[in-house]
1. Among the candidates Ile30, Ile25, Ile13, Ile60, single out the residue that is under 23 Å from Thr250 (Cα atoms), surrounded by fewer than 11 Cβ atoms within 10 Å (Cβ to Cβ) and among the hydrophobic types (A, V, I, L, M, F, W, C).
2. Look at the range 109-147 and say how many of its residues are buried (at least 16 other Cβ atoms within 10 Å of the Cβ), within 18 Å of Ser239 (Cα to Cα) and at pLDDT 90 or above.
3. Any residue in the range 32-61 that is modelled with pLDDT of 85 or more sitting within a Cβ distance under 8 Å of a residue that is among the hydroxyl-bearing types (Ser, Thr, Tyr) and assigned to a loop (DSSP other than H, G, I, E, B)? List the pairs, counting only those 6 or more apart or interchain.
4. Among the numbered criteria (1) without any contact (Cβ under 8 Å) to a residue 40 or more places away in the chain; (2) exposed (fewer than 12 other Cβ atoms within 10 Å of the Cβ), which single criterion is violated by Gly194?
5. Among the residues of the range 70-84, is there at least one that is acidic (Asp, Glu) and in contact with a strand residue (DSSP E or B) (Cβ under 8 Å, 6 or more places away or on another chain)?
6. Residues that are of a type in the set (S, T, N, Q) and over 28 Å from Leu272 (Cα atoms), at least 1 per element: which helices (runs of 4 or more DSSP H) completely within the range 129-236 meet that?
7. Quick one: Ala158 ticks every box in (1) out of contact with any His (no Cβ under 8 Å at 6 or more places or on another chain); (2) farther than 24 Å from Ile127 by Cβ except a single one, so which number is it?
8. How do the helices (runs of 4 or more DSSP H) wholly within the range 1-119 filter down when requiring 3 or more residues that are over 23 Å from the mean Cα position of the chain (by Cα): which remain?
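The values are calculated or read from the model by the stated rules, or taken from the named source; none is laboratory data. Keep in mind that this is a model prediction, so the values were computed, not measured. Here the Cβ positions follow ideal geometry from the backbone for every residue, glycine too, while neighbour counts run over all protein chains shown.
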Amino acid sequence: MRRPLSEENFAFILITPAVIIIFSIVLYPILKTLYMSFFNIDLTNPFSRPFVGLGNYLEILCGPTFWNAMVRTVYFAVVSISMEFILGISIALLLNEDFYGRWLLRSLIIIPWAIPTIVNGSLWRWIFNPQYGALNALLTQIGLIDSYQSWLGSPFLALNMVIVADVWKMTPLVVIMILAGLQTIPHELYESAGVDGANVLKRFFHITLPMLKPTILIVLILRTMETFKVFDIIYIMTSGGPANGTQLITYYTYREAFSYLQLSKGATLAFLISLTILGLSIIYVKALGTKTEY
């Protein structure tokens with residue numbers, strides 16, 4: 001007579017498929033990338049793979065291209081996230097009020113975020129077109145500019161235009177999450193503060209923001225991770241140009257690996273990005289004060 005499975009063995013059988021999937025799509029690529037970063041893998045000479053140790057890391061970290069790309073990435077992240085939070089909190093506060101048609105606005109606000117990034121990048125590239133772009137036509141008609149401008153023609157301006165496109169797409173995500181956080185704040189706190197004579201600003205800074213702190217931290221870290229991994233909108237709108245002005249760290253990785261066929265350098269850059277994201281995840285856990293109990 002067969003003995004029944006214990007709870008521990010049955011649980012192990014249930015989680016085995018998930019463990020295999022996680023190892024296949026997460027852990028194995030990370031380990032493979034780490035392994036490749038210690039060799040000099042060049043597809044132009046695929047039969048020669050000398051071991052270089054930390055040579056790839058030293059070459060990348062000591063070169064100006066990596067740090068220039070990192071500075072642009074940090075600028076992109078700071079400006080983009082700041083604008084998203086200012087707009088996101090403002091819109092969320094508006095949508096949290098009770099007014100006619102609120103359900104319709106809540107439904108429409110998600111549209112930019114639902115649009116695929118490829119479509120979003122193509123849309124804004126047409127808007128910024130120097131010859132027939134809608135932005136030039138609008139600004140010319142209202143008299144803000146005298147002639148059509150090349151919005152993607154200079155490095156710094158192009159980077160800021162990409163930020164505009166990213167903010168337009170990702171602000172709805174911030175709105176949704178902040179709005180969800182606002183729904184958890186008891187209305188009695190505002191009533192009590194009103195009785196004590198607190199005005200709108202005092203209620204916002206002493207009730208709303210403190211109660212939204214966990215939500216804000218989650219959104220902040222998630223968006224920071226995403227901005228450090230941004231690629232598709234750069235690829236569609238500017239392809240890293242002009243003059244590498246929009247070459248962020250992920251696009252620099254793409255060029256090394258797939259344009260110059262330097263797989264080892266691409267793997268090194270990818271692993272450095274992973275370490276950056278891991279560091280941000282640790283900050284996120286410590287900021288929330290999450291503790292694991294056994």
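1. Within the list Ile30, Ile25, Ile13, Ile60, the selection yields Ile25.
2. The qualifying residues number 8.
3. That search, which allows pairs on different chains as well, returns Asn40/Ser48; Asn56/Ser37; Tyr57/Ser37.
4. Of the numbered conditions (1) without any contact (Cβ under 8 Å) to a residue 40 or more places away in the chain; (2) exposed (fewer than 12 other Cβ atoms within 10 Å of the Cβ), the odd one out for Gly194 is (2).
5. no
6. Because the criterion is at least 1 residues that are of a type in the set (S, T, N, Q) and over 28 Å from Leu272 (Cα atoms), the helices (runs of 4 or more DSSP H) in the range 129-236 that meet it are 134-141, 155-183, 187-195.
7. Failing condition for Ala158: (2).
8. 7-22, 28-36, 55-61, 64-95, 102-108
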